[in-house]
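Single-structure report; data block below.
What follows draws every value from the coordinates through simple rules; no lab data is involved. As the structure is a prediction and not an experimental result, all values here were calculated from the model. For neighbour counting, all protein chains shown are included, and Cβ atoms are generated from backbone atoms with ideal geometry for every residue, glycine included.
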Amino acid sequence: DGGITQSPKYLFRKEGQNVTLSCEQNLNHDAMYWYRQDPGQGLRLIYYSQIVNDFQKGDIAEGYSVSREKKESFPLTVTSAQKNPTAFYLCASSIQASGRYEQYFGPGTRLTVT
Amino acid sequence: AQRVTQPEKLLSVFKGAPVELKCNYSYSGSPELFWYVQYSRQRLQLLLRHISRESIKGFTADLNKGETSFHLKKPFAQEEDSAMYYCALGSGNTGKLIFGQGTTLQVKP
């Protein structure tokens with residue numbers, strides 16, 4: 001079940017620490033996305049990247065940062081500035097950055113900050 | 001503003017009963033609409049999209065621009081349909097998806 005992978009599955013951190021979530025895809029997709037999933041709130045877009053070396057803020061980018069140095073990889077860093085970082089994080093990719101295309105999702109990383 | 005609303009948090013039906021999961025959207029242009037599904041312990045995956053007008057696992061969804069709705073329907077629910085369903089709106093040239101809050105469908109035996 002390759003395609004798009006996220007690691008680790010569970011992550012625990014102390015408050016005040018930055019943490020980086022990994023997202024890799026072997027689908028040769030141009031576009032990649034990070035979402036946050038909270039109960040009762042659906043999925044909210046954190047950052048997205050339409051092409052290598054370019055990315056844009058989504059709806060809830062504050063306290064997060066990303067990089068897109070390689071087509072296959074789109075890591076997300078949750079910084080200490082994120083006020084409520086405990087959540088389930090989903091990475092996705094699509095063949096192109098167009099609203100017409102299906103997004104393929106990873107299995108997610110559950111981050112717990114105490 | 002672009003918005004997707006799924007008014008029901010939980011929908012519980014008996015096996016064999018018809019199912020309708022509601023989705024309303026707000027979008028000024030020509031919408032691209034999707035239904036995604038998340039089964040227990042599986043990743044989120046596409047169920048169907050309005051542009052292909054297909055039926056997947058017996059589910060259909062018709063885009064009603066007048067009512068700005070994209071409700072998901074199935075005439076006879078099965079237990080394996082129990083899952084979380086998300087309606088999503090595709091945004092222009094960015095590929096951004098705007099998701100509704102999700103509806104948990106529970107099909108009882």
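Structural remarks
- The range A:95-108 residues that are facing chain B (nearest Cβ under 7 Å) and basic (K, R), paired with ones that are assigned to a loop (DSSP other than H, G, I, E, B) and buried (at least 18 other Cβ atoms within 10 Å of the Cβ) (beta carbon under 9 Å, 6 or more apart): A:R100/B:G95
- With a requirement of 1 or more residues that are among the aromatic types (F, W, Y), buried (at least 20 other Cβ atoms within 10 Å of the Cβ) and facing chain B (nearest Cβ under 9 Å), the strands (runs of 3 or more DSSP E) lying completely within the range A:13-56 that satisfy it span A:31-38, A:42-51.
- Taken over the range B:52-62, the criterion of being within 14 Å of chain A (Cβ to nearest Cβ) and aliphatic (A, V, I, L, M) is satisfied by B:I56 alone.
- Test: residue in the range A:61-72 that is closer than 24 Å to B:V4 by Cα and either surrounded by fewer than 20 Cβ atoms within 10 Å (Cβ to Cβ) or within 8 Å of chain B (Cβ to nearest Cβ) (or both): yes
- Residue within the range B:85-108 that is of a type outside the set (A, V, I, L, M), farther than 23 Å from A:M32 by Cα, crowded, with 17+ Cβ neighbours inside 10 Å and more than 14 Å from chain A (Cβ to nearest Cβ) present: no
- Tally, over the range B:4-47, of residues that are of a type outside the set (S, T, N, Q), free of Cβ contacts under 8 Å to residues at least 24 places away in the same chain and within 12 Å of chain A (Cβ to nearest Cβ): 3
- Test for A:R36: is it over 16 Å from A:S65 (Cβ atoms), without any contact (Cβ under 8 Å) to a residue 60 or more places away in the chain and of a type in the set (K, R): no
- Flag if B:K74 is more than 9 Å from chain A (Cβ to nearest Cβ), among the charged types (D, E, K, R) and buried (at least 20 other Cβ atoms within 10 Å of the Cβ): yes
- Screening the range A:2-12 for residues that are over 12 Å from the mean Cα position of the chain (by Cα) and hydrophobic (A, V, I, L, M, F, W, C) and picking the one that is farthest from the other protein chains (Cβ to nearest Cβ) gives A:F12.
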